[in-house]
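Shown next, in structure tokens, is the structure this report addresses.
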Amino acid sequence: FAEKAHGWGFTGLEYVSQLYNKELEAAGYSEEAMNSFVARSNAEAEKYGLTNLIIMIDGQGDLATSDADERKSAVENHYKWVDAAEAMGCHSIRVNLSGSTDPAEWVPNAVDGLTQLATYAKDKNINVIVENHGGLSSDAALLAKVMSTVNMENCGTLPDFGNFCIKRNVPSDYSKGCAEMYDMYKGVEELMPYAKAVSAKSHNFDEAGNETEIDYGKMLQIVKKAGYSGF
């Protein structure tokens, strides 16, 4: 990963936890297995002069579920990744806010789950950041409301330019299209005040090299206007 990223001219790395799940799950996410992942990642990053930035966490439980015990369990499942991020010199872990589909339940659930996790991560100097990643997390106004309610310095967002589908026609089949889409430009604008990273999503390019679904000039002006200067 580090070798290829370096070869393409990148200077920072963002890891995706599910790409390492096969080995880590087989080892039961043991301390030894997690330490091995950290050590190898650090060695490769150092070898190619790259900075570790973020670990994106998937499949560790629903942080916005209405079951308080399940929510606490999901929070605790993320602890090992906070520890890994700290050991790798990352600034953040990216989490998902799945769980309830009712906004009236989802907001307080999300606030509680994030507050618990960010409280643990605070002592490790790690940010907990949320991507608009489908479901109610893609309703930027709702996610911004969660952020302002949590109101913790180490809790923020990771605005993703192309991930604003709130409801799909067929949830299990992405090719069937989106039933309810949030305005992507409005969404990024609403999430940028809390942004600690930005995901420059792209799908296809025309012959001139322009992204075919997103006006990148417009989108990057929104990012710039917000005063963002990170990767």
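The values are calculated or read from the model by the stated rules, or taken from the named source; none is laboratory data. Predicted model, so just to flag it, every value in this text is computed and none were measured. Cβ coordinates were reconstructed from backbone atoms using ideal geometry, including for glycine residues, and neighbour counts include every protein chain displayed. When the accessible area is computed, the model is the full protein with side chains, heavy atoms only, and any ligands, DNA or RNA have been set aside. Shrake-Rupley method; radii C 1.70, N 1.55, O 1.52, S 1.80 Å.
Please work out how much accessible surface residue 203 shows to a 1.4 Å probe, ignoring ligands, DNA and RNA, in Å² rounded to 10.
80 Å²
Skip the ligands, DNA and RNA, and give the accessible area per residue of the range 1-86 with a 1.4 Å probe, whole Å². Can you show the working numbers first?
Details: 4830 Å² over 86 residues.
About 56 Å² of surface per residue is accessible.
What size of dipole, in debye to the nearest 20, comes out for the range 1-128 about its Cα centre when the only charges are +1 on Lys and Arg C-beta atoms and -1 on Asp and Glu C-beta atoms? Before the final figure, lay out each step's value.
On the way: 10 positive and 20 negative charges, 97 e Å.
Dipole of the range 1-128, to the nearest 20 debye: 460 debye.
Mind checking which of 164, 205, 37 has the largest fluctuation in a GNM of the chain, springs on alpha carbons under 10 Å?
205
With every protein chain in place, what's the accessible area of residue 142 (1.4 Å probe, Å², nearest 10)?
Approximately 30 Å² for this residue.
What per residue convex hull volume, in Å³, comes out for the range 88-171 when only alpha-carbon positions are used?
Values: hull volume 8.2 nm³, N = 84.
Once divided by residue count, the hull of the range 88-171 is 98 Å³.
Using only DSSP helix segments of four residues or longer, with each worth -39500 (n - 2.57), what per-residue ellipticity at 222 nm results for the chain after dividing by its residue count and rounding to 500?
Details: 9 runs with 97 residues, N = 231.
After summing the helix terms and dividing by the residues of the chain, the value is -12500 deg cm²/dmol.
Expressed as a whole number of Å, what is the distance separating the alpha-carbon centroids of the range 148-211 and the range 57-104?
Centre-to-centre (Cα) distance: 19 Å.
With a 1.4 Å probe and every protein chain kept in, tell me what percent of the accessible surface of the chain is carbon plus sulfur. Could the numbers behind the result be given before it?
On the way: 5860 of 12040 Å².
Solvent-exposed carbon and sulfur of the chain make up 49 percent of the total.
Output the Kirkwood hydrodynamic radius of the range 135-231, Cα pairs only, in Å rounded to one decimal. Walk me through the numbers on the way to the answer.
On the way: mean 1/r = 0.0699 Å⁻¹.
Evaluated on the range 135-231, it is 14.3 Å.
If you place +1 on the Cβ of every Lys and Arg and -1 on the Cβ of every Asp and Glu, how big does the dipole about the Cα centre of the chain come out, in debye to the nearest 20? Can you show the working numbers first?
Numbers: 20 positive and 34 negative charges, 98 e Å.
Computed about the Cα centre, the dipole is about 480 debye.
Out of these labelled values of percent of Cα pairs over 25 Å apart, (i) 36; (ii) 43; (iii) 50, which was calculated from the coordinates shown here?
Step by step, percent of Cα pairs over 25 Å apart for this structure corresponds to label (ii).
In a GNM of the chain with a 10 Å cut-off on Cα contacts, which of 40, 94, 71 has the highest mean-square fluctuation?
Ranking 40, 94, 71 by mean-square fluctuation puts 40 first.
Over the chain, what relative contact order in percent results from Cα pairs under 8 Å that are six or more residues apart? Provide the component values of the computation, followed by the final result.
Values: 413 pairs, mean separation 31.4, N = 231.
Relative contact order, the chain: 14 percent.
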